[in-house]
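Working notes, beginning with the structure itself.
The values are calculated or read from the model by the stated rules, or taken from the named source; none is laboratory data. Small disclaimer: the values here were computed from a predicted structure and weren't measured. Cβ placement follows ideal geometry from the backbone for every residue including glycine, while neighbour counts extend to all protein chains displayed.
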Amino acid sequence: MQEGLWNPGKTISQTQNWKSGVSYSCDPADFSYMKVNVPCQDACPALTNIPSYIRALYEEKFATSYEINRMVNLLPGTLGRICSRPCELKCRHGEAGLGEPVNICHIKKAASDLRGLGHSYMTPRFAPVGKTVAIVGSGPAGLAAAHDLAMMGFDVTILEAFEEPGGMLRYGIPEFRLPRIILSEEIANILRLGISIKTGVRVGVDLTLESIMSNYDATLIAAGCYEPMELGIPGEDLLGVYTGLNFVMDVAKGLDVRIGKKVMVIGAGFTAFDCSRLALRLGAEDVTLCIRGLEEDLRVTTDEIVEAKREGIRIQSLLLSKGVYGGGHVKGVEFFRTRPVERSSESRRAVEPIFGSEFVLEADSVILAIGQAPQRIPGPGKQNDRGVIIADFGNFRSTATNLYLAGDYLTGPSTVIESISSGRRAAGKIAEDLLGKKLKEWVVRIKDAKLTDRQRSWDLIPRVEIPTVLPVEDRFQSKGFVEVETGYLPEQAHDESKRCYLCYLHYEIDVNKCIYCRYCIDNAPRDCIKLVNDIFTDETGAVSGYLETTQWTEVSAVVIDNSQCVRCGECVRVCPVDCISVSRMDLVERFLIEETEA
């Protein structure tokens, strides 16, 4: 059955501020409605209110747009440059027949870039709760957890092994993708909440985990994944063979990395592409990226592939490495050819080697960017077969008392936005465990809305792609670390923001007023208004489907299917009896404690 219908007459709020006319709901049916009808927000691991920040940018409220982002994903300027964009894969504008997804990520970047100097941050602060928390690692998960705990009144100390905070953001992502001035500003904004940070401290080397746990009420390990994975083939230990993460980190630290003219990168993720593009910036003349499968199966953004090819990187697909060869120094790699194996629609495409197809590609350097795993930190609690402490994915707790895990250290390599979400959820669990009560909750906020000024013609605006800062031939000047993407100009950001369907708007027909005139049906640009005989609900009480009819004698209601609605407002404009209402529904986080200072 089709989902996304509203349940006419259903009570939608549990609490209401009558003076402001705003309702807040914790009803499962309302969460179910939001999941179906605002798929971009549901796809975001941090649950960023995407329609809201896009609308704010459309209204040229750049600072507001930035703050709507920062309330949940904490690093808008950073994520606007490096996010994996799961929201865009679910954007309703990208559904069949509706065009291309809204450029959500770059609108976020625009909000950061256009908010102006002297931006005033509005993070609330709460009274001290008398509890201390140590966080191991200052990557995205650690920073996110520290932010939320400090905001809720906890005394937070971060222990960072490197000389500067940021973890993988600072040392694992090239500066041509993420300028350090942007990252440093957003980290400083988190640390200003009174968070203490001690850099150059290696837990398990300089301090034992047990000693940390004895001095704090809770300890969170958010140390990321810094143990490079190996291919398990001969020759990996030859000179001139680098692991992907170590290669990127050495460059980020300013070390003298010499790679020669002909470089081969083995891997298929963002790190592999970063290594390939960095190699060009270090003087390589011939860079080949070798992948096991097909290019169409790569799990990086299309923009990343396009820019890599534009800079001259060759992608060789269907290759499986057999061994690295050379004397004291690498000379090349021997590969099998592979062939794709049939897969189901939900599984990742597999490949198998074609025995007897071996051949050699020569190289001065080989970079193995095939992933990494958490490093072992000696300490209490249940461990995996590598000696790494493990925890429950659902509540972040290890088997040791008041020891928690979050981010990549808990899950293995993930995206930045997933790590931020993990850190924030871990902070909520720590706060609840230490205080014996929840301090925040997600709710559906509902309030009356004016008829949208969104025009149907805006659906036909082509997607505004992000411009680049320099022609390819100039990108490798100034050590090649100048940012490639400049971002939108104000007018470009405004045009792209028009394309958003504003899916947080809910249209509903009052069946007690409706005279079944069909004006709304006849004027709707899509098949989104139905004559129905019956409505079905799921276990939460949300509408899950309906029985459509064409017989007027069988019609019990005229229903707007909000999952198909493009929020053009034509139904409201043509209704002769004013029976269609518009409300705005936002999935937001609400705190259950009183703030004491802003």
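Couple of notes before you dig in:
Residue-wise test of (1) assigned to a loop (DSSP other than H, G, I, E, B); (2) surrounded by fewer than 24 Cβ atoms within 10 Å (Cβ to Cβ); (3) within 21 Å of the chain's Cα centre (by Cα); (4) not hydrophobic (A, V, I, L, M, F, W, C).
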position	(1), (2), (3), (4)
Leu89	no, yes, yes, no
Gly97	yes, yes, no, yes
Ala111	no, no, yes, no
Ser120	yes, yes, no, yes
Glu163	yes, yes, no, yes
Arg170	no, yes, yes, yes
Leu183	no, yes, yes, no
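- Test: residue in the stretch 112-121 that is modelled with pLDDT of 95 or more and among the aromatic types (Phe, Trp, Tyr): no
- Within the stretch 243-259, considering residues that are touching a residue at least 12 places away in the same chain (Cβ under 8 Å) and assigned to a helix (DSSP H, G or I), the one surrounded by the most Cβ atoms within 10 Å (Cβ to Cβ): Gly244
- Residues that are among the polar types (S, T, N, Q) and assigned to a strand (DSSP E or B) were ranked within the stretch 520-549; the one that is surrounded by the most Cβ atoms within 10 Å (Cβ to Cβ) is Ser544.
- Considering Ile466, Ile446, the condition of being part of a loop (DSSP other than H, G, I, E, B), in contact with a strand residue (DSSP E or B) (Cβ under 7 Å, 6 or more places away or on another chain) and not polar (S, T, N, Q) is satisfied by Ile466 alone.
- Considering (1) closer than 30 Å to Arg55 by Cβ; (2) among the basic types (Lys, Arg); (3) surrounded by fewer than 20 Cβ atoms within 10 Å (Cβ to Cβ), the lone condition that Lys437 does not fulfil carries the number (1).
- Top-ranked residue of the stretch 390-432 - restricted to ones that are buried (at least 17 other Cβ atoms within 10 Å of the Cβ) and among the acidic types (Asp, Glu), ranked as farthest from Glu186 (Cα to Cα): Asp408
- Strands (runs of 3 or more DSSP E) wholly inside the stretch 266-355 containing at least 2 residues that are β-branched (Val, Ile, Thr): 286-290, 330-341
- For the stretch 531-558, residues that are out of contact with any Lys or Arg (no Cβ under 9 Å at 6 or more places or on another chain), within 21 Å of Val36 (Cβ to Cβ) and at pLDDT 90 or above total 3.
- Set Arg314, Arg349: member being under 31 Å from the mean Cα position of the chain (by Cα) and free of Cβ contacts under 8 Å to residues at least 40 places away in the same chain: Arg314
- Candidate set: the stretch 539-595, residues that are under 30 Å from the mean Cα position of the chain (by Cα) and hydroxyl-bearing (Ser, Thr, Tyr); chosen: the one farthest from Leu505 (Cα to Cα): Thr540
- Test result for Ile417, in contact with a Leu (Cβ under 7 Å, 6 or more places away or on another chain), closer than 30 Å to Leu178 by Cα, assigned by TED's automatic domain parsing to the domain that holds Asn215 and not in a strand (DSSP E or B): yes
- Between Ile515, Ile446, the distinction of being surrounded by 14 or more Cβ atoms within 10 Å (Cβ to Cβ), of a type outside the set (S, T, N, Q), in contact (Cβ under 8 Å) with a residue 24 or more places away in the chain and more than 27 Å from Gly77 (Cβ to Cβ) belongs to Ile446 only.
- Here Val330 meets each of (1) over 24 Å from the mean Cα position of the chain (by Cα); (2) crowded, with 21+ Cβ neighbours inside 10 Å; (3) without any contact (Cβ under 8 Å) to a residue 40 or more places away in the chain with one exception, condition (3).
- Residues that are modelled with pLDDT of 95 or more and in contact with a strand residue (DSSP E or B) (Cβ under 8 Å, 6 or more places away or on another chain) occur in the stretch 337-348; there is at least one.
- Residue that is farthest from Ala449 (Cα to Cα), among those in the stretch 550-559 that are aliphatic (A, V, I, L, M) and surrounded by fewer than 22 Cβ atoms within 10 Å (Cβ to Cβ): Val555
Residue-by-condition table, conditions (1) of a type in the set (Val, Ile, Thr); (2) buried (at least 20 other Cβ atoms within 10 Å of the Cβ); (3) touching a residue at least 12 places away in the same chain (Cβ under 8 Å); (4) part of a strand (DSSP E or B):
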site: Leu193; (1), (2), (3), (4): no, no, yes, no
site: Val201; (1), (2), (3), (4): yes, no, yes, no
site: Glu210; (1), (2), (3), (4): no, no, yes, no
site: Met213; (1), (2), (3), (4): no, no, yes, no
site: Thr219; (1), (2), (3), (4): yes, yes, yes, yes
site: Cys225; (1), (2), (3), (4): no, yes, yes, no
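- Flag for Ile158 being of a type in the set (Val, Ile, Thr), buried (at least 16 other Cβ atoms within 10 Å of the Cβ) and touching a Gly at 6+ places or on another chain (Cβ under 8 Å): yes
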